[in-house]
Structure formats: C-alpha cells, structure tokens
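This is the structure I want to talk about, given as structure tokens.
The values are calculated or read from the model by the stated rules, or taken from the named source; none is laboratory data. Everything quoted here is computed from the prediction, not taken from an experiment. Cβ placement follows ideal geometry from the backbone for every residue including glycine, while neighbour counts extend to all protein chains displayed. Note: accessible area is taken over every heavy atom of the protein model, side chains too, but ligands, DNA and RNA are not part of it. Shrake-Rupley method; radii C 1.70, N 1.55, O 1.52, S 1.80 Å.
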Amino acid sequence: QVQLVESGGGLVQAGGSLRLSCAASTRTFSTYAMGWFRQAPGKERDFVAAISWSGGSTGYADSVKGRFTISRDNAKNTVYLQMNSLKPEDTAVYYCAAKITSIGYYDTAPAYDYWGQGTQVTVSA
C-alpha cells in the first residue's frame, strides 16, 4: 500500500511563505498524478492544486492561483507545494493525495486513491 507523509506546515504571518512536502513510499510514484487538498475546521476538504505524472500539467484552485506552486521530484518520490503571500483564510490542514489512474477528475477528493495524514498550516493576521 502507498503511504504519503506531509511535512513543512507551521505558523506563519500573513504575507509569509511555507513549502510543504509530501514523501511517498511507492516506487511507482512517477506514474501517479498528485494533488493537494485542504480542510478547515467544520469545512469540506477542498481542492488546492494538482500535477500530472510527468509534471508537465498543473491545475490550481482560483483561490490560490498566482500564490501557490505545485511541483514534483520523481527521483525523490516527493511532491511539493510552495505557498507564497499567505492569507489567514489559507489556514487549514493540508493533505497530499495520489491518483493511480490518469482518467477522471483531478479537482475532487473522491478522484484520489491514497491520502496522507495532513499537516497544519496556520496563518496569523
């Protein structure tokens, strides 16, 4: 089974930056599409960003476009989320997810097959 472990969360002031990492146990990481989602208390788990298996295609939620960048290093079995110009409304638990097939949707949680445990991001005003 694939295991995903997020790291890099923490407390940051508004306008600051954080870089999240997600390390995957699978040796077939390069064949998976990867996504980042976030969930605030009492809210649904929302799409943040996704990246194709090759890294050639990316997609972002409108709320983070221009501020966040998703990338991957297949040699390290790791996906990243660089978060700049952070806002208090970005506060949430951030989860990485893996999609083992290339068909279907990429911006909804049910499309993904494996999930990490999440890392807390808190942005103070």
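Taking a quarter of the surface of the Cα convex hull of segment 20-60, what do you get in nm²?
The number I arrive at for segment 20-60 is 3.6 nm².
Once you keep just the Cα pairs under 8 angstrom separated by 6 or more residues, what percentage relative contact order results for the chain?
36 percent
Choose one of Q120, Q3, G59: the residue whose Cα lies farthest towards the positive end of the charge dipole of the chain (beta-carbon charges +1 Lys, Arg; -1 Asp, Glu; about the Cα centre).
Of Q120, Q3, G59, it is Q3.
Could you name the lysines in cross-link range of K76, using Cα to Cα under 30 Å and dropping any fewer than eight places away on the same chain?
Correct list for K76: K65, K87, K99.
Let me ask something else. Add +1 for every Lys or Arg and -1 for every Asp or Glu among the other residues with Cβ under 9 Å from the Cβ of Y95, and state the total.
That works out to +1.
Under a Cβ-Cβ cut-off of 14 Å, what is the net charge of the residues other than T108 that fall near it, where Lys and Arg count +1 and Asp and Glu count -1?
-1
Here's something else I'd like to know. So what is the accessible area of the chain per residue, in Å², with the probe set to 1.4 Å?
Heavy-atom accessible area per residue stands at 53 Å².
Rounded, prolate or oblate for segment 35-102? Axes are the square roots of the Cα gyration tensor eigenvalues, ordered a ≥ b ≥ c, and the cut-off for rounded is a/c under 1.5.
Taking the square roots of the gyration eigenvalues as a ≥ b ≥ c, segment 35-102 is prolate.
Of G104, Q13, A40, which is farthest along the charge dipole of the chain in the positive direction, counting Lys and Arg as +1 and Asp and Glu as -1 at C-beta?
Looking along the dipole axis, the top candidate is Q13.
Sticking with this structure for a sec: Return the carbon/sulfur percentage of the accessible area of segment 20-125, one whole number, probe 1.4 Å, all protein chains in place.
50 percent
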